[in-house]
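Q: Please see the structure below; I have some questions.
The values are calculated or read from the model by the stated rules, or taken from the named source; none is laboratory data. The shown structure was predicted, so the numbers you read here are calculated from the model rather than taken from an experiment. Every residue, glycine as well, gets a Cβ built from its backbone with ideal geometry; the counts of neighbours run over all protein chains shown. Only protein heavy atoms, including side chains, enter the accessible area calculation; ligands, DNA and RNA are left aside. Shrake-Rupley method; radii C 1.70, N 1.55, O 1.52, S 1.80 Å.
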Amino acid sequence: NFLAYTRAHEEAADQAALGYLDTLNVSADGLLKTFALLQRRERMQGRSGDPYMRSHPLSSARIEHVRNHVEHSKIPEGSYPKSYDAIHKRMGAKLFRFIQSPERTLQKYPLADKSGAARMARAVAYYKMPDVDRALAEMDSLIAESPNDPFLHELKGQILFESNRVDDALAAYARAAKLLPDSALILTDLAKVELAQPKANISSAIAHLEKANNLDNSNAYSWRLLPTAYGRSGNMGRSYLALAEEAILQNKPDDALKQVNQALQSLKEGTPARQRAQDVKSLAIEMQRTQKEMESAF
């Protein structure tokens with residue numbers, strides 16, 4: 001029964017992936033190549049060699065399903081919207097600049113490269129050196145060219161915040177959130193900066209964190225900030241409830257029960273928060289039971 005349940009989820013995930021790619025007008029041959037690569041690793045290493053392979057075994061049927069989709073798709077193999085090229089270059093530059101040393105970043109993205117991706121990479125390299133003024137000058141030139149790009153304001157906000165220029169960081173993150181109001185990650189970072197202000201706007205931070213969690217409740221960092229915000233506002237019941245939610249996301253039902261029981265001592269009867277706490281408690285108990293069943297089975 002457990003394996004059948006897992007297979008059903010894998011089939012649903014594969015079908016969803018193919019649907020998303022079709023909607024975006026992206027060929028699924030990349031997914032097929034990825035599956036083939038993972039299958040080779042699985043055969044070479046055995047499932048014991050890779051935790052991903054143990055939890056997501058690749059069957060020939062899964063690969064054949066994707067291959068059949070590629071063969072019958074109206075989207076030519078290797079095809080994708082060319083507008084993605086600039087986005088992909090920025091993504092690659094962002095990964096490189098945060099992982100590699102400033103020296104390597106400046107070697108890969110020299111001053112002669114005037115592309116937006118290269119200039120963003122150099123801005124982070126300067127920041128990490130640290131040469132914050134030069135980093136901000138690079139960011140300001142990018143923002144002057146693309147003032148409505150929320151991710152430029154977000155990156156500037158990060159550089160400012162991590163350089164202890166909290167007031168300026170708040171303005172940058174606020175602008176990013178205004179340009180992209182439904183980004184859970186940007187809202188979470190905005191709330192983080194709000195909480196770091198000498199005279200923190202607690203109610204605004206709570207509102208932004210609640211909205212972030214409504215948009216995406218899988219971000220444990222949002223749940224980690226929310227207890228702090230509630231606690232500083234004096235609402236300990238909601239603070240404990242948020243800690244319980246975080247523990248649920250981290251698959252820690254024992255911790256979740258401990259926190260939710262604390263929350264229930266403070267939350268008033270008949271309120272939505274108390275009902276949510278009861279739901280979290282029931283979920284934590286069910287998770288405990290499932291964990292014990294799995295332990296006894298293996």
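Q: Taking only the range 128-140 into account, find how many residues are under 21 Å from Gly92 (Cβ atoms) and open to solvent by less than 40 Å² (accessible area, probe 1.4 Å).
A: So the count comes out to 3.
Q: Identify, please: which residue in the range 67-119 is over 24 Å from the mean Cα position of the chain (by Cα), open to solvent by less than 80 Å² (accessible area, probe 1.4 Å) and hydrophobic (A, V, I, L, M, F, W, C) and is, among those, farthest from Met139 (Cα to Cα)?
A: Per the criteria, the residue is Val70.
Q: Report, by residue number, each residue of the range 170-197 that is within 19 Å of the chain's Cα centre (by Cα) and farther than 16 Å from Leu152 by Cα.
A: Correct list: Asp182, Ala184, Thr188, Ala191, Lys192, Val193.
Q: Which of the residues belonging to the range 60-83 are farther than 12 Å from Asp22 by Cα and of a type in the set (S, T, N, Q)?
A: Ser60, Asn68, Ser83 - these are the residues of the range 60-83 that are farther than 12 Å from Asp22 by Cα and of a type in the set (S, T, N, Q).
Q: Of all helices (runs of 4 or more DSSP H) completely enclosed by the range 194-298, which ones contain at least 2 residues that are among the hydroxyl-bearing types (Ser, Thr, Tyr)?
A: On the way: elements: 202-215, 220-232, 236-249, 253-264, 272-297.
Fully inside the range 194-298 and qualifying: 202-215, 220-232, 236-249, 272-297.
Q: Looking only at the range 248-267, count how many residues are open to solvent by less than 20 Å² (accessible area, probe 1.4 Å), of a type in the set (Gly, Ala, Ser) and touching a Phe, Trp or Tyr at 6+ places or on another chain (Cβ under 9 Å).
A: Of the residues in that region, 1 qualify.
Q: What pairs come out if I take residues in the range 164-186 that are among the basic types (Lys, Arg) and pair them with residues that are open to solvent by less than 60 Å² (accessible area, probe 1.4 Å) whose C-beta lies under 6 Å away, six or more apart or interchain?
A: Within 6 Å, the pairs are Arg175/His153.
Q: When you scan the range 21-41, how many residues do you find that are part of a helix (DSSP H, G or I), of a type in the set (A, V, I, L, M) and under 15 Å from Tyr80 (Cβ atoms)? Quick ask: steps written out before the conclusion?
A: Step one: of the range 21-41, the residues part of a helix (DSSP H, G or I) are 21-23, 29-41.
After this cut, where a residue has to be of a type in the set (A, V, I, L, M) as well, the list is 21, 31-32, 36-38.
Among the residues that remain, those that are also under 15 Å from Tyr80 (Cβ atoms) are: 21, 31-32.
Counting residues in the range 21-41 that are part of a helix (DSSP H, G or I), of a type in the set (A, V, I, L, M) and under 15 Å from Tyr80 (Cβ atoms) gives 3.
Q: Count, please, the residues in the range 258-279 that happen to be in contact with a Leu (Cβ under 7 Å, 6 or more places away or on another chain) and either touching a residue at least 60 places away in the same chain (Cβ under 8 Å) or β-branched (Val, Ile, Thr) (or both).
A: 1
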